[in-house]
Amino acid sequence: YLAASKGNNTALQQLRVRAEQGNKNAQFDLGFMYENGDGVPQDSAQAVQWYRKASEQGLSAARHSLGVMYANGKGVPKDSARAVQWYRKAAEQGLSAAQINLALMYENGEGVRKNSAQAVRWYRKAAQQGDSTAQFNLGLMYYTGEGVPQDSAQAVQWYRKAAEQGYAKAQYHLGLLYRNGDGVPKELVTAYMWFSLVAVQGIESARTKRDSIERLMTANQIAEAQRLIREWKPKR
């Protein structure tokens, strides 16, 4: 596939032959290339055609991609209900990206009746696979009490999992909870650390919050927070 994507005509021809012979991975790769104009002219309708062939053979990545095409109206008329159908097939096969998109559809009532409990269910499945976006979204559901009883301590747990992977929104929300003592004991040193890690990514509101906390901290607390920042590494 890599050789084909770099415009190697022989590799592209071989990929196309395998796809036409029914190889589902080749069909998916060809669909991806058409969707992105990678080594072939961009053609969403062709992408849909190849994703559909691979989807009908049960390839979860192709089913998810076909769902995305329906959700965005690329190469097919926009159809949220069809998107949900394909997301569900891929989600039930355990694909975390599809689980998140299915959760979003339930959360927003797109293509399916709005159901926060179902959104939580699918976010949880992806979160348990270590997906930081799902972990953050699940934390948010716990914090707001949507689809689950409100539970700030549970929100903290899921925010932390995402924050430790470097997910900026989770780091920011975790900083807020430590600053306010919401779901965790109030800890300015920890709040300062999380806000600082977001601030270096150019998020102005995090810098403002860090600076406002700093005025309440002792020199020793600031030194301790800065040590934690130096030692922090994202978990993968």
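Which residue is farthest from residue 116 (Cα to Cα), if the candidates are limited to the range 72-87 and must be in contact (Cβ under 8 Å) with a residue 24 or more places away in the chain and not in a helix (DSSP H, G or I)?
My answer is 75.
Kindly establish whether residue 65 is under 15 Å from the mean Cα position of the chain (by Cα) and closer than 23 Å to residue 21 by Cβ.
yes
Can you name the residue in the range 4-51 that is of a type in the set (Ser, Thr, Tyr) and crowded, with 16+ Cβ neighbours inside 10 Å and is also modelled with the lowest pLDDT among such residues?
5
Kindly establish whether residue 54 is crowded, with 22+ Cβ neighbours inside 10 Å and either in contact with a Phe, Trp or Tyr (Cβ under 9 Å, 6 or more places away or on another chain) or in a helix (DSSP H, G or I) (or both).
Spelling it out, residue 54 is indeed crowded, with 22+ Cβ neighbours inside 10 Å and either in contact with a Phe, Trp or Tyr (Cβ under 9 Å, 6 or more places away or on another chain) or in a helix (DSSP H, G or I) (or both).
In the range 88-132, what residues are in a helix (DSSP H, G or I), under 14 Å from the mean Cα position of the chain (by Cα) and closer than 11 Å to residue 64 by Cα?
Matches in the range 88-132: 91, 96, 97, 98, 99, 100, 101, 102.
Among the candidates 183, 147, which residue alone is within 30 Å of residue 81 (Cβ to Cβ) and in contact (Cβ under 8 Å) with a residue 12 or more places away in the chain?
Among 183, 147, only 147 is within 30 Å of residue 81 (Cβ to Cβ) and in contact (Cβ under 8 Å) with a residue 12 or more places away in the chain.
What number goes with the only condition from (1) out of contact with any helix residue (DSSP H, G or I) (no Cβ under 9 Å at 6 or more places or on another chain); (2) assigned to a loop (DSSP other than H, G, I, E, B) that residue 148 does not pass?
That leaves (1) as the condition not met.
The values are calculated or read from the model by the stated rules, or taken from the named source; none is laboratory data. Quick caveat, the model's predicted, so the values are computed rather than measured. Quick reminder, even Gly has a Cβ in these numbers, built from the backbone with ideal geometry, and neighbours come from all protein chains shown.
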